[in-house]
Amino acid sequence: MTGPADAARKTRIVQVDPKAPDRAALRDAADVLAAGGLVAFPTETVYGLGANALDAHAVAGIFRAKGRPADNPLIVHVADPSWVDDLAAEVPEEAKRLMARFWPGALTLVLPKRDVVPDITTGGLDTVAVRMPAHPVARALIAAADVPVAAPSANRSGSPSPTRADHVLTDLEGRIDVIVDGGPCRIGVESTVVDVRSDPATILRPGGIPMEALSEVLGVVMLEEGGGALGAETVARAPGMKYRHYAPRAEVRLVEGDPETRTEKLRAAREALAAEGRHAGFLVTDDAGLSGPDVVSLGSRDDPEGAARRLFAALRDMDDRAYDVILVEAVDPAGLGHAVLDRMRRAAEGRSWEA
Ligand code: TXA
Ligand code: MG
């Protein structure tokens, strides 16, 4: 599918039942993938923008469509764990244990790559990141295409990851061939990226599989500095982590502290911003006690899964309302909250309410 310039593709939308995707409906999308085209599809984490991972020309199309820096490697998605042997030169014991426990699912493993994987797919690295997604649509699509599928999140580089097909359409219409619409994503934040080649294994990006769950299998795990929610400016080994991410047009500021402190800070901030006449939006938990048209809910404070599901869509919706500033209530970094807080910090580009 080398024909039209990338900015002039006709984007088709294919609706499928997320639980029992119709094979015939997916056949067309699978053929487009196998022929070198670009297909966005739902996974349990976020929507991905897929291309044949072994076709350098097809993969180049992903980078162009997203406006993605060439040194930011892609995750290669497989339909079955057995496919990994064709992509990775070696699969360490720890990786096998993680695959047995968490695949299909929101876990990506960084492994030494084989030569069949083009350099463009791995951003020039000698490793390849692999994941077997759990979403029935993703699995059926990749199996039907019968090729490993390189797929970053299906957003324009820098904007929040897409958790619904309409987010993909907003960002990539006219730039990709097909969007498979399988409804909203179940988890809402991207996969956890783990490098098992270090001892202990290192989390390069917190995500849908919490650190606590990884520890149950591996014992100790390290958190890459700068790759985790708590790190500062250290160079991250998941190259993508160094780029501006998830940031809406409005200025985002994070409100942190223990729960009562957050509640107090948010009330004070709302009064101060109103007094200054600033158009402010509030993305907060229901427990913060704010209400009104400028308030969007992250759900309950003890439901990090709910916050994960809502975060990216909420940032996009709030950006459409053209606020001057968006205050985001931080979540506690336990379980899935770790990945949620990491994404919030990136959206805020390090700014706190006080700063
Ligand atoms: O849940 C997800 O992971 C989604 C869905 C579509 O599967 N994909 C996703 O891809 O989030 P992307 O490209 O937006 O993020 C991939 C992350 C980036 O931070 C990238 O730098 C890192 O994984 N990564 C990819 N290959 C790597 C490698 N060989 N070594 C280290 N980090 C790698
Ligand atoms: Mg991404």
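Derivation of every value follows stated rules applied to the coordinates shown; laboratory data play no part. For clarity, every value in this text was computed on a predicted model and none was experimentally measured. Using ideal geometry, Cβ is built from the backbone for each residue, glycine included, and neighbour counts are taken over all protein chains shown.
Nearest-5 percent of antiparallel DSSP beta bridges in the chain? Before the final figure, lay out each step's value.
On the way: 16 of 44 bridges.
Expressed as a percentage, antiparallel bridges in the chain total about 35.
List, largest first, the extents of the alpha carbons of segment 43-175 along their principal axes, each in whole Å.
So the extents along the principal axes, rounded to whole Å, are 42, 29, 25.
How do H279, H135, H245 line up, fewest other C-beta atoms within 10 Å first?
H279, H245, H135
Show that you can apply the helix-only estimate: for the chain, add -39,500 (n - 2.57) for every DSSP H stretch of four or more residues, divide by all residues, and state [θ] at 222 nm to the nearest 500.
Value at 222 nm, helices only, nearest 500: -9000 deg cm²/dmol.
Looking at the chain as a GNM with Cα springs under 10 Å, which of D166, D115, D80 has the largest mean-square fluctuation?
In the Gaussian network model the winner is D115.
Report the relative contact order of the chain, percent, no decimals, based on alpha-carbon pairs under 8 angstrom and at least 6 residues apart.
Here the relative contact order equals 19 percent.
Take each of the peptides 117-130, 182-195, average the number of other beta-carbon atoms within 10 Å over its residues, and list them starting from the highest.
182-195, 117-130
In Å and whole numbers, how far do the C-alpha atoms of the chain stretch along each principal axis, longest first?
Projected onto the principal axes, the Cα atoms of the chain cover 59, 47, 35 Å.
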